[in-house]
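Working notes for the structure below.
Rule-based calculations on the coordinates, nothing more; no lab input. Computed from a prediction, not measured in an experiment: that's the story for all the values here. Glycine also receives a Cβ, built like all others from the backbone with ideal geometry; neighbour counts cover every protein chain displayed.
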Amino acid sequence: MRNVLIQNMKKVKKAVPAIENRVKVKIGFGKGNVTIKGNELNEYLIEKVVQAIDFGFNVDDALLLMNDDFTLEFITVKEHTRRKNLTDVRARIIGTGGKARKTIENLTGSEIVIQGNTVGVIVDSAHLDAVVQGIESLIQGAKHGNVFAYLEKQNASRNKFDEDDLGLKENAEYIAEDLGIAEEDDEGESLSEEEIALAEKELNE
């Protein structure tokens, strides 16, 4: 049996029927924690699923972690920047209207959730390094065009996007080993704190 500390009890409880219908486990609830009973492998996998749901991922995305090829990764924003205004840094990851976040997801087949100053990613092992590098580069100040072109170069696309809409052809000149971290672009920088809060709420619902 495994005990998992959680914060979003309401969301986890709501997800339990879908989990138990999919996997042979029994999930119980304590004060600030859940218990998982099943075979050793299922307990291990469902612990990751519960952690993902508790962080803010929807059930279907979290259940991708039942596949051994998928992993849950967390990136702490302030570990990769010296900037004190982390609101602006989050804005760079989200992008105007959520465009930057969605573009990274489309290029890597990943699912991304931002909670406070932590970025959660569910992605398969083939694209893990690329998506982590892309997000960390945005945090450090790389231009969005550089990052998107880098991800495209890494063959991370799963054909979930329209290349013309993303403007990747125009950004092809940015493809290079150096992502150009020294200079920031304006994507996301113009968002107000209210707009960022609204975007984060919509993206995490």
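Residue separation times 0.36 nm, minus the C-alpha to C-alpha distance between Thr71 and Asn117: what's the value? Each step should come with its number before you reach the end.
Numbers: separation 46, 0.36 × 46 = 16.56 nm, distance 2.00 nm.
Length difference between fully extended and current span is 14.6 nm.
Mind ordering 102-111, 67-76 by average Cβ neighbours within 10 Å, highest first? Write out the running numbers ahead of the final one.
Working: 102-111: 22.1, 67-76: 14.2.
Ranking the peptides 102-111, 67-76 by packing returns 102-111, 67-76.
For Asn58 and Glu79, FRET efficiency with R0 = 35 Å and r from the beta-carbon atoms, rounded to 0.05? Walk me through the intermediate numbers first.
Values: r = 26 Å, r/R0 = 0.75.
In this case the efficiency is close to 0.85.
Over 19 Å between Cα atoms: which of Lys24/Lys48; Lys48/Lys102; Lys10/Lys78 fall into that group?
Table pairs above 19 Å Cα-Cα are Lys48/Lys102; Lys10/Lys78.
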* Asked: Between Phe29 and Thr87, how many nm apart are label points set 7 Å from Cα along the C-beta direction?
  -> 3.5 nm
